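See below for the structure under consideration.
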Amino acid sequence: MTAPTTEAPTLSGKKFFMNFPVTDDSHSLAAYRARGGYQGLTKVLGGMQPTDVTKEVAASGILGHGGAAFPAGRKWGVIKLNDGEPHYVCMNADEGEPGTFKDRWLLECVPHMCLEGLIIASYALMGRNAFIYMRGEFDLPYRRLQGAIEEAYEAGLLGQNIMGSGYSLDVVLYRGAGSYVCGEASAMLASLEGKKGWPRNRPPRLTVKGLYQKPTVVNNVETLANVPVILTMGAAEFKKVGMPRSPGTQMISISGHVKRPGVYEVEYGYSWEKFIYEDCGGMLEDKGLKCIIPGGVSTKILDANELKGVNLDHNSAVAAGSQLGSGGMIAVAEGTCMVRLARVIQRFYHHESCGQCTPCREGMGWMERILDRIVRGEGRPEDIDRLYHISTANDGTTICSLGDSAGYACSAILDHYREEFEYYIKNGRSMYDGRLTVTDAFEGVEAAPLYAAVGAQS
Ligand SMILES: Cc1cc2nc3c(=O)[nH]c(=O)nc-3n(C[C@H](O)[C@H](O)[C@H](O)COP(=O)(O)O)c2cc1C
Ligand code: SF4
């Protein structure tokens, strides 16, 4: 078993976040300022009009980092600044997608950068109050962000008349109670209002009727942390980093059977294979790579062949048959039982379904029970088609995309590894019994995530 390492790979490439040594106080206001922090806000409040800020963000081409890759500038541009309504920006720090833990790094290590992005976004949308919805289980990220908010108030970066500009903003940091579906933007706003965290149908869009029925922009932590970068370096320079249709960098959290799991910053366009086999050290015990879950369990798996020659950027991931999602990658080694893996994923979805939509509420339970039956050795030949049928019945019939995603995740595993399900049903046991299992592979691996940074090849 390879011991976890704290050494960062030394590949060159653009890094916006992981470009300084992390120390006991590198998250402080003083340290952030010494690295050039709050220059973006100084520029914005030094004479830019709110509409110019939105234009700059739109020109950068930045895509949202919360999973759907929606252009941030386009979302901001929908808000009508002269409608006489309060406007709200809400930072989505729920980070509940299994496999995803990159926002945690940003909140722990660069809390002021996240905050600066939120202040700039609020100025662009002429907001007077901003909100942060944080995953309830987060402890250090909460303390770091709360500390950063207090420092910012003391330094005149929040509150009345920020930096003497006449612009005022107050921020509320709210902790959720650990529900995955509360990461979905409309559920999050309902939960913020103190209601049950249930997603709701659109229209009206949240940019029309969001928090307290007022126009609201919800952005992911990483999306907002990129905003000071864009304003400081300018959209034109930002666009030179990464790929033309995926500008910038992507924070990737990788877990599973790699030798060096952890959080990495990758310039879009980087080779996926190089990332896994070199930067992450390859697979545990030098086993073969069976497949990856590319961007959180809601994204379709890609097997080792499908990854050949593919770059880490949105278009390449889609062309390969999946998505980059929220950057939560899970590597799966040869010898892992995909039937059991599918059951673990399905149990999660069943547990987290909020229950409003019949296909999701019932379908998740049916799928979990069918997979349970197969794993117990009591599977029936018709179970595979039934799983497909339930997966597709969700498609487009539910309020939020939890139901759809669960279906895609399951059908992608069935598409790739149908023979494993057939074997399990026929023989009453896994094709891999007596070999490596997901649990065995983690034995002896100490929990010491590696924070590292890698960049695109020139
Ligand atoms: C079930 C579900 C859970 C979600 N969880 C998160 C989350 O934890 N963090 C997040 O930023 N987005 C999450 N999203 C996506 C949000 O609805 C929303 O698209 C995102 O916060 C927008 O930010 P962005 O445009 O900056 O990506 C989730 C969506 C769904 C359907
Ligand atoms: S799809 Fe599932 S989680 Fe989403 S609103 Fe419907 S029941 Fe709730």
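Every number in this text was worked out from the coordinates using simple rules, so none of it is lab data. Everything numeric in this text was worked out from a predicted model, so none of it was measured. Every residue, glycine among them, receives a Cβ derived from its backbone with ideal geometry; neighbour counts consider all protein chains shown.
Return the long-range amide H neighbours of R175 (sequence gap of 5 or more, or a different chain), with a cut-off of under 5 Å between placed amide H atoms.
M134
Under a crude label model (7 Å from the Cα following the beta-carbon direction), how far is R200 from E334 in nanometres?
5.3 nm
Could you tell me which of S411, Y423, G377 has its Cα farthest along the dipole of the range 338-435 towards the positive end, charges placed at Cβ (Lys, Arg +1; Asp, Glu -1), taken about the Cα centre?
Going by the Cα projections, it comes out as G377.
What does the charge dipole of the range 29-240 about its Cα centre add up to, to the nearest 20 debye, if the Cβ of each Lys and Arg holds +1 and the Cβ of each Asp and Glu holds -1?
540 debye
Ranked by Cβ crowding within 10 angstrom, fewest neighbours first, how are D395, D383 ordered?
Values: D395 13, D383 18.
Fewest-to-most Cβ neighbours within 10 Å comes out as D395, D383.
Roughly how big is the range 1-136's charge dipole about its Cα centre, with Cβ charges of +1 (Lys, Arg) and -1 (Asp, Glu), in debye to the nearest 20? Walk me through the numbers on the way to the answer.
On the way: 13 positive and 13 negative charges, 76 e Å.
The calculation lands at about 360 debye.
Restricting to the chain, what percent of DSSP beta bridges are antiparallel, rounded to 5?
45 percent
In whole Hz, with x marking every Gly and Pro, tabulate ³J(HN,Hα) for the range 62-75 from phi via Karplus 6.51 cos²θ - 1.76 cosθ + 1.60, θ = phi - 60°.
4, 9, x, 9, x, x, 8, 6, 7, x, 5, x, 5, 5
Please give me the summed charge of the neighbours of I120: other residues whose Cβ is under 11 Å from its Cβ, Lys and Arg +1, Asp and Glu -1.
After counting each charged neighbour, the total is -1.
For E265, enumerate residues with amide H under 5 Å from its amide H, sequence gap 5+ or separate chain, H modeled in the peptide plane.
Excluding prolines and chain starts, which carry no amide H, the hits are I252, A452, A453, V454.
Please give the calculated 222 nm ellipticity per residue for the chain, where each DSSP H segment of at least 4 residues contributes -39500 (n - 2.57) and the sum is spread over every residue; nearest 500 deg cm²/dmol?
-11500 deg cm²/dmol
So if the hydrodynamic radius of the range 206-342 is defined as the Kirkwood radius over C-alpha pairs, what does Stokes-Einstein give as its diffusion coefficient at 10 °C and 1.306 mPa s, in µm² per second?
The estimated diffusion coefficient comes to 98 µm²/s.
At what distance in nm do the modelled label points of R74 and T23 sit from each other, each positioned 7 Å from its Cα along Cα→Cβ?
The two pseudo-label positions are separated by 4.4 nm.
In the calculated pair distance distribution of the chain, what percentage of Cα-Cα distances lie above 40 Å?
More than 40 Å apart: 19 percent of the Cα pairs in the chain.
Work from the charge dipole of the chain (Cβ charges, +1 for Lys and Arg, -1 for Asp and Glu, about the Cα centre) and give the residue of G176, G84, I120 farthest towards its positive end.
G84
Name the residues whose placed amide hydrogens come within less than 5 Å of the amide hydrogen of K14, ignoring near sequence neighbours (fewer than 5 apart) on the same chain.
For K14, the qualifying residues are A456.
Over all distinct alpha-carbon pairs, what is the Kirkwood Rh of the range 270-335 in angstrom?
Values: mean 1/r = 0.0859 Å⁻¹.
Result for the range 270-335, one decimal place: 11.6 Å.
Please state, to two decimals, what the Cα-based radius of gyration of the range 29-240 comes to when divided by 2.2 N^0.38 Å (N = residues). Can you show the working numbers first?
Details: Rg = 15.8 Å, N = 212, 2.2 N^0.38 = 16.8 Å.
Against the empirical 2.2 N^0.38 Å value, I get 0.94 for the range 29-240.
When the chain is fully extended, how far beyond the present Cα-Cα distance does E137 get from L81, taking 0.36 nm per residue of separation?
On the way: separation 56, 0.36 × 56 = 20.16 nm, distance 3.56 nm.
Contour length minus the Cα-Cα distance gives 16.6 nm.
Could you run the Karplus curve 6.51 cos²θ - 1.76 cosθ + 1.60 with θ = phi - 60° over the range 411-417 and give me ³J(HN,Hα) per residue in whole Hz, x for Gly and Pro?
Using θ = phi - 60°, the values come out as 5, 5, 5, 5, 4, 7, 10 Hz.
Explain nothing, just compute: Karplus ³J(HN,Hα) = 6.51 cos²θ - 1.76 cosθ + 1.60, θ = phi - 60°, for every residue of the range 282-297 in order, whole Hz, x for Gly and Pro.
Each residue's phi maps through the Karplus curve to give x, 8, 4, 6, 6, 6, x, 7, 8, 6, 10, 9, x, x, x, 5 Hz.
Which pairs break 23 Å Cα to Cα here: K55/K195; K75/K214; K240/K308; K209/K300; K15/K287; K259/K290? Display every interim value, and only then the final one.
Values: K55/K195 35 Å; K75/K214 15 Å; K240/K308 25 Å; K209/K300 32 Å; K15/K287 31 Å; K259/K290 15 Å.
Flagged as over cut-off: K55/K195; K240/K308; K209/K300; K15/K287.
Give, rounded to the nearest 20 debye, the magnitude of the charge dipole that the chain has about its Cα centre when Lys and Arg contribute +1 at Cβ and Asp and Glu contribute -1 at Cβ. The partial results should precede the final answer.
Values: 46 positive and 52 negative charges, 212 e Å.
Magnitude of the dipole: close to 1020 debye.
Placing +1 on the Cβ of each Lys and Arg and -1 on the Cβ of each Asp and Glu in the chain, which of Y349, G256, L157 has its Cα farthest towards the positive end of the resulting dipole?
The Cα lying farthest towards the positive end belongs to L157.
Per the Debye formula with a single identical scatterer at each Cα and no solvent contribution, what log10 I(q)/I(0) holds for the range 338-435 at q = 0.17 Å⁻¹?
-0.66
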